[in-house]
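These notes concern the structure reproduced below.
FYI, it's all coordinate maths here, none of it is from the lab. All values derive from a computational prediction rather than experimental measurement. Neighbour counts run over all protein chains shown; Cβ positions are idealised from the backbone, glycine included.
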Amino acid sequence: MKWVYLTIAIVLIIVLVAIFFITYYLNKKTPIPKGCEDKLINKENCSSCKNYECDLNGIKNKEEKEDK
């Protein structure tokens, strides 16, 4: 009887992982809505950002160090 629960758990995990990857792919494939093109995040627009956990902030700090 334990193997039934184990099989159900494994199938459920596989389904959840598959749903994650499918939705991730579809999200990346979705075009940017009209009127939101200027809302894209780039290094110039986030120069005053104080979020030190942001990936763009790390890129910005790395470039500043290379310029010096």
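Taking the simple approach of a point 7 Å from Cα along Cα-to-Cβ for both residue 36 and residue 8, what is their distance in nm?
3.9 nm
Taking θ as phi - 60°, what are the ³J(HN,Hα) couplings along region 4-9 by the Karplus curve (6.51, -1.76, 1.60), each to the nearest whole Hz, with x for Gly and Pro?
Coupling constants for region 4-9: 5, 5, 5, 5, 4, 5 Hz.
In µm²/s, what is D for region 1-41 at 37 °C and 0.692 mPa s, where D = kT/(6 pi eta Rh) by Stokes-Einstein and Rh is the Kirkwood radius from Cα pairs?
Roughly 253 µm²/s, to the nearest whole number.
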